[in-house]
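Undergrad: Dropping the structure in here first, questions after.
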Amino acid sequence: MQRLKNILLLTLLVSSTQLFAQLDLLYTPETDTIDPLDRVLNPEKYENTDAVVTPDEDPLAPENKTSDQAAMDLLKEDLKDGLIVTHEILFEPLSPDIKPESMHLLNHIYHIMQQDAALRLQIGVHSDSEGDEETNVQLSQQRANRIKGSLNGMGISSSRLEAIGYGSRLPIDTNATEEGRANNRRVQFMKL
């Protein structure tokens, strides 16, 4: 798992230029298309539009083979075991808004699901125990719904995705230290 985390972090660092370059490719009514990153960052702009969401280029296409291939292979390997756990999907504080640097991983999940039409995933969002548990559960559910909405906006049917906000009910580490709390704040994709 640590190897996956290191490769994902490296992939995010290597592709940060590409990610921020995408910010220039935002929706314009003239093209009637939506950049998926902008849809996640500004969902209110798209509430009443029929525009098409176009995900990033397929990193598995022969012309796009890069270090992304290693990350994709590790994600697929973890998914064969039935579960991907990541700390790389980040949110704005006390908000369901996904940070832009997280879109790269969501694009990988999209491409994996696109290649396997039968694949169904449960998206589980976990928090630490800071704050009120009811608020943590609600925010976790909103975040899980936001991830589901992002994947749905890229073209993955919502019938293939289940979103659950767990709050702090299922910790994998102590909540007594900052490191432990950081480890408990995670997103998991479980094969259904």
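What follows is calculated from the coordinates using simple rules that are stated; it is not laboratory data. Note that the structure is a prediction, hence the values are computed from the model and not measured. Reconstructed Cβ throughout: ideal geometry from the backbone, glycine too, with neighbour counts over all protein chains shown.
Undergrad: Can you list the HN-Hα couplings for the stretch 94-107, worked out from phi with the Karplus curve (6.51, -1.76, 1.60; θ = phi - 60°), rounded to whole Hz and with x for Gly and Pro?
TA: 6, 9, x, 5, 7, 6, x, 5, 8, 5, 4, 5, 4, 5
Undergrad: List the trypsin sites (Lys or Arg not before Pro) in the stretch 102-189 that DSSP assigns to loop (not H, G, I, E or B) and whose Cβ has at most 13 other Cβ atoms within 10 Å. Which are they?
TA: Sites meeting the loop and neighbour criteria: Arg169.
Undergrad: Further question on the same structure: Three principal axis extents, largest first, for the C-alpha atoms of the stretch 72-192, in Å?
TA: The Cα atoms of the stretch 72-192 stretch 41, 25, 25 Å along the principal axes, largest first.
Undergrad: Can I ask one more? If we count every other residue with Cβ under 15 angstrom of Leu161's Cβ, Lys/Arg +1 and Asp/Glu -1, where does the sum land?
TA: Surrounding charge for Leu161 is +4.
Undergrad: Hey, another quick one. Which GluC sites (Glu not before Pro) in the stretch 114-192 pass both tests, a DSSP loop state and at most 16 other beta-carbon atoms within 10 Å?
TA: Answer by residue number: Glu130.
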